[in-house]
Structures are given as C-alpha cells and as structure tokens.
1. Just give me the residues in segment 292-316 being among the polar types (S, T, N, Q) and open to solvent by 40 Å² or more (accessible area, probe 1.4 Å), in sequence order.
2. Can you pull out the strands (runs of 3 or more DSSP E) entirely within segment 173-228 that have at least 3 residues that are closer than 24 Å to residue 241 by Cβ?
3. Only one of 258, 264 is open to solvent by less than 50 Å² (accessible area, probe 1.4 Å) and either modelled with pLDDT under 95 or among the hydroxyl-bearing types (Ser, Thr, Tyr) (or both). Can you tell me which?
4. Consider residue 289 carefully, then state whether it is in contact with a Phe, Trp or Tyr (Cβ under 8 Å, 6 or more places away or on another chain), in a strand (DSSP E or B) and open to solvent by less than 60 Å² (accessible area, probe 1.4 Å).
5. Condition check: of a type in the set (D, E, K, R) and under 24 Å from residue 450 (Cβ atoms). Does residue 60 satisfy that?
6. For segment 81-101, give me each residue that is open to solvent by 40 Å² or more (accessible area, probe 1.4 Å) and closer than 14 Å to residue 35 by Cβ.
7. Please go through segment 386-398 and pick out each residue that is open to solvent by 50 Å² or more (accessible area, probe 1.4 Å) and either more than 18 Å from residue 349 (Cβ to Cβ) or of a type in the set (Gly, Ala, Ser) (or both).
8. Going through segment 46-80 one residue at a time, which ones are free of Cβ contacts under 8 Å to residues at least 40 places away in the same chain, part of a strand (DSSP E or B) and surrounded by fewer than 19 Cβ atoms within 10 Å (Cβ to Cβ)?
Amino acid sequence: MVLLRLNSILFLTLGLLTLVWGPRAASGQTQNELCQIEVVDAENGWAVPLVELRTTHNLRFVSDNAGVIALDEPELFDREVWFFVTGHGYEVPLDGFGYRGIRLKCERGGRLRVEVRRTAIAKRLGRLTGSGLFAESQKLGLRLDAQDAQRPPFPQDGLVVGCDSVQNAVYQGKMFWAWGDTTFANYPLGVFHMTSATTPLQPFAVLRPPLEPRLNYFVDDRGKPRGIAQMPGDGPTWLTGYTTLRDSSGREHLVASYRKIEGYLKTYEAGLCVWNDQLEQFDHLRTLWRKADGGKVPALASDGHPAFWTDADGQAWLLFGNPLPQVKLPATFEAWQDPAQWIALSPQQTLGTVTGAQVVPHSGSIAWSQFRKRWVTVFVEKSDELPVLGRVWYAEAETPLSDWGPAQEIVCHDNYTFYNPRLHPESTDAEQSSVLLFEGTYTAEFARHATPTPRYNYNQILYRLDLDDLK
C-alpha cells in the first residue's frame, strides 16, 4: 500500500510537471533552436508564400504569408540537405539530373535565403483566409513590419481554417465579403449557409507580401463566425450574384441570389434574398425555381459574379455571368426583382489564345480597367487535362458584350485546383492603377491524387497582375 501510494504521488507529480513545463518547453522554442528559411522572388526580393521545400524522405515545409519557413526537424541540422522546390509559378533551375531543388546546410539559429524565379505572369501575394497565415513567422518570434500598437501583432484567425468561393460587394462604405462552406478547427462540419465579414474598401495597406488581411466576421453570441444566409429548406445555402443596387428612392440594398443544395453540388431551389441591416443577415425575398417544378435554374441564380456597365446610349445595366455575361437587366433594385426584365445573352463559348489555340472558360469574373480602358477578365479553363481547373487566363474586350481575346495564361497551379477567380478592381488605390487583383479557391478537391497543402488547402489565395507588364 505504501509503495502504491508512493507510485501514485510520483505519477501525480510527473503529471503536474508535464502540465507546467511541457507547454512551456514547446512554446519556448526560440529562433536559436530553429532555422529560418526565407523564400524570395529573385526578380524583386519580395517574399513568396506557398512555396514548398520537400526532403528526400518527404518532410514538407511550406512558406507562410511572409515567405518564411521555420525548420525544426533535428535530423536536418548541421548537415547538407537536399530540398525539392515547388511553387505554382515559381521555381529554381534544373540540375544535371533534371531535379528542381537546392542544397542547404541548416543550423540552429541559422538564417537562409532561397531565391526562386517567377515563371507565372501574375505575382502571388498570399493567403486571405484560414488560420496560421503567419504560423512559421510566429514560431521564430518574428513580427510584421507594419505594426499598429492597438492591434494584435498578427491577424486573429479564430476557428476558421478553410472557406470556399468568395462573393464581394461595396455596401454602406465598406467591403462586404461572403464565402461558401466554411471549415472550423473544432470539427469537420462547419458553416454551410455562408460566412461573412467586412473590411475597409481598400483592405490592404500595400499590394505586396506580406499580405495581412484583417477580416471583421459576423459572429454569434460566442464570438464564432456564423451563417448569414440560412434560407428555408434542408441542405447548404450558397449565394451568388452578390451586389448592391439602389431603388427608386435612392436607398441602397445589398442583394444576392441564393441556391439550396442537395447531394453533391446539386441545386434543388433558387431565389432572391436581401440583407437585413438590423439582424445582419440575408432574408428570403422570393423563390424563383424549384427542382420539383421542372425547367432550368434561372440564369441570375446560377453561379457567377455581377458587373455594372453603361452602354453607348447611357443605359445602366447589371451584367451577370461566369465569367462572361449571360444575362443583363436594368441596374435597379426593382428590375432585379422582376424576371420579366432580365434579358438572356449568349456569351462566346471559346476564346482564342495568344498561341492560336482555343480555350473553354469555366468560371471567373469581369471588370472595367481604367488603366487599359478596356474590359478585362480572369478565368480558369474547362479541360480534362492536368491541372483540372488550375490554369488561369486573362483576356480583354472593348465592351463586355463584344468579342473577348486573345487570352494569355497568367498562372498555372500544378495538379491543383484554383476555381472561381474573382477580380477586385475596387481594392486598388487609384482609378489609373495598373495593378489588378484577383483571388480564387485553392483546393485539392478536383486534382488527381494531390496531397493537400497544409493550411493553404481550401482557402482563398490573392494574386496581383501588373497590366503594364509587356508579358
């Protein structure tokens, strides 16, 4: 009995020591115990997020939004290590055996620099959503350059670890963001009725890495991001056609089309909804279509993004398509509610490319570029070849309803999906800006046997396209 009690006391003592000292040891790692690897663009010295370094025994390290990797594997220290380098539009030269990689001697407290060459025309700025945007930097005790003493040193990610395609609109002087299905850290099933947040109209202090988004989520009484569009009926609610319209009295309304989903991506109901300022949620306005009644889903309720256009006669239109316009209607709140005022369009099915080939657009968005004085689009191509929905194209047109092309590839995601790209012309700081921003959903969902990228998978990645670049 005495021995049993002594063992119990020893067990409890060791347990308490583990509780007291264990977390401190884990969180107490300092830069002196880790090796800092910085991944930068050889052309301009910018940090490059989402570059993977992989050892010959398949340890994977991925640069964070500051282009930083905190290497902490003991067997890799104090010796020369080969890392394969992959980066979706960024690479290092081939060696004599055809491998793309680099040898590094990693030491505790060391600081190494890996320069990568950008092969894509678009520049990757970083991840917009999900947790651990600066996880590697935080391990090293680094801090962001632009600090506001009134804010936490890094974005507070909360429970959100992943979220699907984005919708955006300017409303009441703010940028409103809404995402599809959202994944949390505490359980595989998260929010399936759109999460939402607001930011300033120009949410990024600078248009280069490190990207530091500060999203103000609509939350429940526990502070957890919540659904803002739970329409009646079973299954998820997805919003599309997310925009702002004024009524005849001049009042502004945030509106969207909704779709109710069953099974695997199947729509069984579609309709219209309007933002309720008091409840901070979308209210059901009208059901437009039910699967049980037959027919096709109305064009305005299918997946896509809106754009505003004033024609040569001075008529203001709301255009809607994915990516090219497939319906137009007078740009008023009243016309938006009246399907009799919707005019069906027939967008071109293929675009010629700069190489003379043809490409079939799958999803994307359009916008007016004051710098180019033309309409522009970014889209992913529909193809069974790799990467499925991972190749992004750019094209122009004189008007949104005229011929588009030729198209130029601007970034390719190697065996990885990047779908529903969304242009952000409102996020630059000048009407004449040559910078065009776009984001899309980065996911392994439709790739072939791809290994999901830790933290980045099923999240939004932002790119920058410089329209004064001759390429």
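The values are calculated or read from the model by the stated rules, or taken from the named source; none is laboratory data. Since this is a predicted model, take the numbers as computed values, not measurements. With ideal geometry, Cβ positions are generated from the backbone for all residues, glycine too; neighbour counts draw on all protein chains shown. For the accessible areas, the whole protein counts, side chains as well, though only heavy atoms, and no ligand, DNA or RNA atoms are used. Shrake-Rupley method; radii C 1.70, N 1.55, O 1.52, S 1.80 Å.
1. Matches in segment 292-316: 310, 315.
2. 174-179, 195-199
3. 258
4. no
5. Yes; evaluated as a whole, the condition is true for this residue.
6. Scanning segment 81-101 gives no hits.
7. 386, 398
8. 54, 55, 79, 80
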